[in-house]
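Asker: Have a look at this one.
The values are calculated or read from the model by the stated rules, or taken from the named source; none is laboratory data. On a predicted model such as this, the values are computed, not experimentally measured, just so you know. Heads up, the Cβs are rebuilt from the backbone with ideal geometry, glycines too, and the neighbour counts pull from every protein chain shown.
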């Protein structure tokens, strides 16, 4: 019987490395141990993932609880996966509050007149509008103050602390992991181009010193045109990411669209 709960990951590091090796023509070049294919993940970890994540980060929601509070700040790294690199804070995860049982159970509001009703009726509509009007008069708003690398606090418009005694969900930005699972499959084409450029640059910086070298028997010609071409593309690829990251293509970029 078919196993409907198993699948092949869309993003696989091995496939990326094999593809890069073929496309750069490195399959038949004897590279030194420090630049062989099994060392390329280190290049991705140190160079490619940090750059890509700054524009298209991994969005993660963590629960900030009162026990994370120290000296006026919440420490946001207490409940993130071990080894995560925090890049910044996005916003409160307002959608998480919608699943709170106290909201919506008896309609949108706790109605004064039909408290025991579970139906959504005209009273709910009226009280929703009334609630919005009243809140607009007294709403102090909530603002996030972020202090790198791992501290936040919520304050009102007057700077007073908010939510000191109740947990709240916070959306943060993390650097993608080397397993590539957190990168959207639809963004892998852009990531692969950046990875290919970074690998090409590392390899080219080594091989260029041996190209066109005269020996007793002949002049060494390593045919580095393709590798050099991809090494020189990095600046253009990063510019493309910079121009594209503030758009609806970026799932975790805070953005407001008006029509």
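Asker: Given the conditions (1) assigned by TED's automatic domain parsing to the domain that holds residue 81; (2) at pLDDT 90 or above; (3) touching a helix residue (DSSP H, G or I) at 6+ places or on another chain (Cβ under 6 Å), report the number of the one that residue 151 does not fulfil.
Answerer: Evaluating residue 151 over (1) assigned by TED's automatic domain parsing to the domain that holds residue 81; (2) at pLDDT 90 or above; (3) touching a helix residue (DSSP H, G or I) at 6+ places or on another chain (Cβ under 6 Å) leaves (3) as the failure.
Asker: Which one of 172, 255 is out of contact with any helix residue (DSSP H, G or I) (no Cβ under 8 Å at 6 or more places or on another chain) and modelled with pLDDT under 80?
Answerer: One residue alone meets the criteria, 255.
Asker: Within region 3-25, identify whether any single residue is surrounded by 11 or more Cβ atoms within 10 Å (Cβ to Cβ) and closer than 30 Å to residue 144 by Cβ, and answer yes or no.
Answerer: No: zero hits.
Asker: Of everything in region 167-184, what is out of contact with any strand residue (DSSP E or B) (no Cβ under 8 Å at 6 or more places or on another chain) and farther than 16 Å from residue 55 by Cα? Give them in sequence order.
Answerer: 178, 179, 181
Asker: Anything in region 1-21 that is part of a helix (DSSP H, G or I) and either modelled with pLDDT under 90 or over 15 Å from residue 202 (Cα atoms) (or both)? List them, or say none.
Answerer: Kept after step one, since they are part of a helix (DSSP H, G or I), are these residues of region 1-21: 13-21.
Within region 1-21, 13, 14, 15, 16, 18, 19 meet the criteria.
Asker: Right, something else. Do any helices (runs of 4 or more DSSP H) entirely within region 22-98 hold 2 or more residues that are modelled with pLDDT under 85, and if so, which?
Answerer: Values: elements: 40-43, 49-55, 94-98.
Qualifying helices (runs of 4 or more DSSP H): 94-98.
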